[in-house]
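Enquirer: What follows is a structure written as structure tokens; I'll ask about it next.
Readers should treat all values here as calculations from the given coordinates under stated rules, not as data from a laboratory. None of the values given here were measured: they were computed from a predicted structure. So basically every Cβ, Gly included, is an ideal-geometry build from the backbone, and we count neighbours across all protein chains shown.
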Ligand code: AMP
């Protein structure tokens, strides 16, 4: 992979990298299409990164569909699929970790200790191996994107980080490889995350600015769904990921919940728009 990437750089081509854990869905493919528009050649990495799963999480059962993924990527004219083994990425004796302090301790980081250390370590490795001009991430994992941007800034990384919108099912559910775990009744219940964010969007459109009120309404929607257990719901500053009291600058509404045995996350981006705010789900 390093040789192929070096060759592309020598030819002054704009190398694009889309890092994934596979089990590809339209969310991933939207990143691939964006990459194709802005770069050539493109590399899609597929690696179920053990370091970002906690000891009680779903690393073993995480869906692995490499053959199907390859076929889809071939159809989309992806130039290279980089699918290293665990041993190649973390050979015996591997000792290094990348920690971005302060941004990864709350929210996902609190619910999933060690998760972001695994993410930043593998993303830095992928960026070093491929050294792309552009790399593409989804806003679905908003805290992850913020942490990766901070790492890129702090470590003087060259790749430009392109962030793409959340791709949703027609009923609003954010696409996720973990949606494959949901049985039909879980699947129906899971839309409550979107519905709760949509409730907040309507609240903001009606003039509500206080996090406590927006979050109370949002929680009420989630709690109306008995199959869903809320992990957290917070309104945070988009830069610091610290809670905000009321809407002023760009914020995220972030939700995480368990549906049956499956943990799902979702968010809404809230941006100042003139006197008001625009809310993007
Ligand atoms: P994953 O395979 O879950 O590690 O995701 C790989 C990339 O796809 C990450 O940058 C995710 O944020 C992005 N992604 C996952 N789901 C979606 C979605 N529904 N819409 C947009 N991007 C997504």
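Enquirer: Counting helices only, and only those DSSP H runs with n ≥ 4, report the 222 nm mean residue ellipticity of the chain as the sum of -39,500 (n - 2.57) divided by its residues, in deg cm²/dmol to the nearest 500.
Expert: Using -39500 (n - 2.57) per qualifying helix, the result is -11000 deg cm²/dmol.
Enquirer: Rounded, prolate or oblate: which fits region 146-281 when a ≥ b ≥ c are the square roots of the eigenvalues of the alpha-carbon gyration tensor, with rounded for a/c under 1.5 and prolate only if a/b beats b/c?
Expert: Verdict is oblate for region 146-281.
Enquirer: Then there's this: Angle check, please: helix 192-205 long axis (alpha carbons) against the longest principal axis of the chain (alpha carbons), in degrees 0 to 90, nearest 10.
Expert: Once rounded, one gets 60 degrees.
Enquirer: Take every Cα-Cα distance within region 135-191, group them into 5 Å bins from 0 onward, and report for each bin the whole-number percent of pairs it holds.
Expert: P(r) over region 135-191, rounded to whole percents: 4, 16, 22, 17, 13, 11, 9, 6, 3, 0.
Enquirer: Quick one: work out the % antiparallel among DSSP beta bridges in the chain, nearest 5.
Expert: 65 percent
Enquirer: Using alpha carbon centroids, what distance separates region 1-71 and region 174-239, in Å?
Expert: 29 Å
Enquirer: Something else: Going by alpha carbons, how many degrees (0 to 90, nearest 10) lie between the helix axis of 66-75 and the longest principal axis of the chain?
Expert: 80 degrees
Enquirer: Treat the count of other C-beta atoms within 10 Å as a stand-in for reagent exposure and order 210, 252 from fewest to most.
Expert: So the residues, fewest neighbours to most, are 210, 252.
Enquirer: Okay, moving on. Which number comes out as Rg/Rh for region 120-223 once both Rg and the Kirkwood Rh are worked out on C-alpha atoms?
Expert: Using only Cα positions, Rg/Rh for region 120-223 is 1.08.
Enquirer: Still on this structure, please answer the following. Can you sort 82, 136 from fewest to most other Cβ atoms within 10 Å of each residue's own Cβ?
Expert: Result, fewest neighbours first: 82, 136.
Enquirer: How do 129, 265 rank when sorted from fewest to most other Cβ atoms within 10 Å of their own Cβ?
Expert: 129, 265
Enquirer: Moving on to the next point. Ratio of Rg to Rh for the chain, alpha carbon only, Kirkwood?
Expert: Rg divided by Rh gives 0.97.
Enquirer: In degrees, nearest 10, range 0 to 90: what is the angle between the Cα axis of helix 26-38 and the longest Cα principal axis of the chain?
Expert: Once rounded, one gets 60 degrees.
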